[in-house]
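Only one structure is covered here, and it is reproduced in the block below.
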Amino acid sequence: MRFGEFDADLATGELRRSGVKVKIQDLPFRVLAMLLERRGEVVTRDELRDRLWGTETYVDAEAGLNTAIAKLREALGDRAEAPRFIETLPKRGYRFVGALAENVPEPPPPATRRRRTRLALATLLAAALTVLAWQLLGPEKRITIGVVLFHNETGDSQFDRLAQQLTDGTVIALAANPRLAVIGNAAVLRTPRIFTDLEKIGAALDADYLLLGQLQRPERELLVRVHFVRVRDQTHLWAAEIAGTPAELDPKVTRCVAVGVAAALAGRSQ
């Protein structure tokens, strides 16, 4: 999204000013993303706190939010008393008041177009395989899957947003299947937690299955491990490892999960 002299890439978590990357931490950027997504509307402090920390995370959210807003204004060169972009509504919340400009990207080079074509074809193939796998199940009730927040195990907080992005992409990929009831925004799922809480999570959500992910960096390349677990006996029905750059991981992971989960559930019915 482009506003004023700024470009905000909501997918990568990058902010640029006149083409130059602006240093901004994850939390201030996530605040900016939420305000941009609801530009012109008042986003309450409660909504921002729930989005950033969830209702079950015990932190000083008030102070954290104030700090995030201050750092966001610093990055944008904005002032509360004369806002260009972020308007404060005392005791209520914040509103993005800047004007968005239409982004007109330059045509990608041939190699990039070829990569995008291959990705589009692979995505179509994954969708076809998902539908085919589900046809094996026959008429059944919708199956409930909870997608737990991907755990950033890299030790680097700059990848927190990528873990969030992978979680959201997985929810969207699974929710595209009408046979699945996907839960991805419940506070119990959005709060980082260790895997020993699986039974508790499943009971709280009345979920049949859970999808969990770990974001790791064993060497230079990032690695995502995903686990598809049946709650009642905590059996791993399917797992996979996906490696790649931050830009590559989102489509790779969502495509892999969509096919892998469908195949695991189809095999369950045999």
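The values are calculated or read from the model by the stated rules, or taken from the named source; none is laboratory data. Only a predicted model underlies this, so the values are computations on that prediction, with no experimental measurement involved. Every residue, glycine as well, gets a Cβ built from its backbone with ideal geometry; the counts of neighbours run over all protein chains shown. Ligands, DNA and RNA are stripped out before the accessible areas are found, and what is left, the full protein with its side chains, is counted by its heavy atoms. Shrake-Rupley method; radii C 1.70, N 1.55, O 1.52, S 1.80 Å.
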*asked:* Please go through segment 207-217 and give me each residue that is in a loop (DSSP other than H, G, I, E, B) and surrounded by 17 or more Cβ atoms within 10 Å (Cβ to Cβ), ordered by number.
replied: Ala207, Asp208
_Residues that are surrounded by fewer than 18 Cβ atoms within 10 Å (Cβ to Cβ) and either over 20 Å from Leu166 (Cβ atoms) or polar (S, T, N, Q) (or both), drawn from segment 4-17_ = Gly4, Glu5, Thr12, Arg16, Arg17
*Taking only segment 218-270 into account, find how many residues are open to solvent by 40 Å² or more (accessible area, probe 1.4 Å), part of a strand (DSSP E or B), more than 21 Å from Arg142 (Cα to Cα) and among the β-branched types (Val, Ile, Thr).*
0
*Would segment 70-92 turn up any residue that is closer than 30 Å to Val257 by Cβ, at pLDDT 65 or above, of a type in the set (Ser, Thr, Tyr) and surrounded by 11 or more Cβ atoms within 10 Å (Cβ to Cβ)?*
no
_Candidates Glu81, Glu74 - the one that is of a type in the set (Asp, Glu) and in a loop (DSSP other than H, G, I, E, B)_ = Glu81
*asked:* Being of a type outside the set (D, E, K, R), over 20 Å from Ala101 (Cα atoms) and open to solvent by 50 Å² or more (accessible area, probe 1.4 Å) is the filter here; which residues of segment 18-34 pass it?
replied: Gln25, Leu27
